[in-house]
1. Calculate one ³J(HN,Hα) per residue across segment A:140-145 by plugging θ = phi - 60° into the Karplus curve 6.51 cos²θ - 1.76 cosθ + 1.60, and present them in order as whole Hz with x for glycine and proline.
2. Explain nothing, just compute: Karplus ³J(HN,Hα) = 6.51 cos²θ - 1.76 cosθ + 1.60, θ = phi - 60°, for every residue of segment A:207-214 in order, whole Hz, x for Gly and Pro.
3. Averaging over all projection directions, find the projected area of the Cα convex hull of segment A:20-61 and quote it in nm² with one decimal place.
4. Excluding A:Leu57 itself, calculate the net charge of residues whose Cβ lies under 14 Å from the Cβ of A:Leu57, where each Lys or Arg counts +1 and each Asp or Glu counts -1.
5. Calculate, in nm to one decimal, what B:Glu142 and B:Leu182 gain on full extension: separation in residues at 0.36 nm each, minus their alpha carbon distance.
6. Need the C-alpha centroid separation for segment A:183-212 versus segment A:111-130, integer Å.
7. Just to check I understand the Karplus step: with θ = phi - 60° and J = 6.51 cos²θ - 1.76 cosθ + 1.60, what whole-Hz values come out for segment A:39-53, glycine and proline as x?
8. With a cut-off of 8 Å between alpha carbons and a minimum separation of six or more residues, what is the relative contact order of segment B:20-61 in percent?
There are 2 protein chains.
Amino acid sequence: MTAHPTAPRSRRERPAKPALTREGIIATTVDLMRAEGLERVTMRRLAKELDTGPASLYVYVRSMAELHAAVLDELLGGVDLTPAAADGEWRDRLGRILTSYTSVLFEYPGLAQSALVARPFGKHYLKLVEALLALLDEGGLEPDRAAWLLDLLLQFATATAAEHAHRAPGDAPQSESDWQALATVVRDVSPRTHPHIAALGTRLLSGSPQDRLAWGFDVLIAGARHAPPPDVLAPSPVHTRGTEG
Amino acid sequence: MTAHPTAPRSRRERPAKPALTREGIIATTVDLMRAEGLERVTMRRLAKELDTGPASLYVYVRSMAELHAAVLDELLGGVDLTPAAADGEWRDRLGRILTSYTSVLFEYPGLAQSALVARPFGKHYLKLVEALLALLDEGGLEPDRAAWLLDLLLQFATATAAEHAHRAPGDAPQSESDWQALATVVRDVSPRTHPHIAALGTRLLSGSPQDRLAWGFDVLIAGARHAPPPDVLAPSPVHTRGTEG
DNA sequence: ACCTGAACACCGTTCAAGT
DNA sequence: ACCTGAACACCGTTCAAGT
């Protein structure tokens with residue numbers, strides 16, 4: 001692909017190609033993703049864009065999953081954290097940050113899906129967590145509740161964004177008909193076998209994603225205060241994590 | 001899986017191969033998944049197992065995603081719904097059903113990941129929803145709150161299960177080291193730049209998945225009662241759904 | 001020592017062609 | 001009419017070999 005004998009050396013005025021470095025790979029992924037969607041950014045496609053073979057990428061990133069995590073953290077730089085230090089009620093400012101986080105993820109639901117499996121924990125993620133914890137602290141929430149609530153809030157926002165991953169290349173043609181199908185099922189359910197579903201009917205499906213999201217944050221924040229405290233908090237809880245015992 | 005009693009010319013004593021029908025395809029997917037994991041069940045692999053070509057499957061299933069949804073609903077038949085009609089406190093019985101749902105999904109986190117994007121809404125899913133709504137009704141929760149809480153509970157359980165999708169063929173080798181890396185990051189964070197993270201330290205990571213899950217259910221149920229009501233509930237809310245307006 | 005061509009071992013889905 | 005072989009258009013990752 002390089003160096004045709006007859007070609008002049010400045011072959012094309014393409015947008016400046018980043019050097020083959022970790023940063024360049026991440027930047028190119030972001031560009032390609034914005035232009036064509038996450039699902040078009042494959043290792044091979046990325047390599048082509050960088051005028052090399054796919055193997056070369058593995059010098060700088062461990063895997064596709066690791067690249068996704070790095071890209072997500074990059075995007076998280078776009079989350080508006082200014083409400084953390086602004087005036088006003090803490091609850092309101094918390095909501096504004098969480099909404100900003102969610103709207104960033106909404107642009108790339110596939111990335112949200114990755115984030116669910118492999119939490120990023122990069123630079124920007126850490127700043128986001130710090131801002132959220134500061135607000136929960138300001139709200140007077142017990143530290144242990146805040147620690148667990150943090151995960152609940154971020155997981156809820158991330159999962160909500162991930163739900164919108166339909167990998168559609170251009171539009172979302174099945175999303176609408178999916179929802180129509182759901183509405184039909186809910187409407188046509190027998191009141192004899194499913195009385196509670198029938199009674200609620202399409203109220204089960206009511207509300208915009210935004211309303212659902214806002215209510216979810218309300219529920220989590222109110223619930224963290226009113227639910228019994230996290231009851232299994234050993235003094236050194238690091239090693240109590242799950243399946244090994 | 002039933003033995004064909006006639007068996008005219010038994011060509012090979014293989015485990016009984018289901019006929020090429022929708023049910024047979026789903027059953028074979030479940031078998032293959034249990035034996036080798038979801039990630040090994042590809043359309044090609046499935047076709048091979050059924051002694052045909054991959055194209056033939058598309059006569060019975062629309063796509064891989066649709067097949068996943070069908071298989072998940074099949075698995076949801078294994079959720080224990082008996083607590084719905086049992087004695088005892090509604091809250092406790094609700095928790096038991098939700099835990100059963102989650103543990104079914106925990107066995108196949110990849111399926112949970114699919115479920116997040118494409119809700120199944122098959123026969124068994126509908127029965128699960130009915131059981132949960134019955135208990136929320138028994139608990140005296142307002143219908144509108146119950147409708148929205150239902151989604152929150154199922155989404156939380158599903159997302160929690162999906163988090164454990166690491167597609168590991170045999171073991172989970174990176175999961176443990178991932179967590180170690182996380183612990184290191186949290187421990188090594190600067191108290192100057194990230195005071196709240198530093199103050200909480202590994203308490204951020206405390207608790208087993210089970211404890212987190214149980215607390216999450218507590219938070220959602222308590223929160224649904226204490227949060228302000230869903231405020232955007234038009235009388236006929238079906239058409240108020242989001243992006244079109 | 002650092003990088004990469006080529007290969008390995010696959011994918012989901014479609015459609016023209018067979019029976 | 002119903003089914004499917006073969007093709008289309010790709011994948012992520014590894015490693016022996018080049019520079």
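1. x, 6, 3, x, 5, 5
2. Each residue of segment A:207-214 in turn: x, 7, x, 4, 5, 4, 5, 4 Hz.
3. Working: hull surface 9.7 nm².
Result: a mean projected hull area of 2.4 nm².
4. +1
5. Details: separation 40, 0.36 × 40 = 14.40 nm, distance 4.05 nm.
The B:Glu142-B:Leu182 span can extend by a further 10.3 nm.
6. The distance from the Cα centre of segment A:183-212 to that of segment A:111-130 comes to 34 Å.
7. With coefficients 6.51, -1.76 and 1.60, one gets 5, 8, 8, 9, 4, 5, 5, 4, 4, 4, 4, 9, 6, 8, x Hz.
8. Values: 26 pairs, mean separation 15.4, N = 42.
Here the relative contact order equals 37 percent.
The values are calculated or read from the model by the stated rules, or taken from the named source; none is laboratory data. Please read all numbers here as calculations on a predicted model, not as lab measurements. We place every Cβ from the backbone using ideal geometry, glycine too, and count neighbours over all the protein chains shown. Remember, those area values only see protein heavy atoms, side chains included, never the ligands or the DNA or RNA. Shrake-Rupley method; radii C 1.70, N 1.55, O 1.52, S 1.80 Å.
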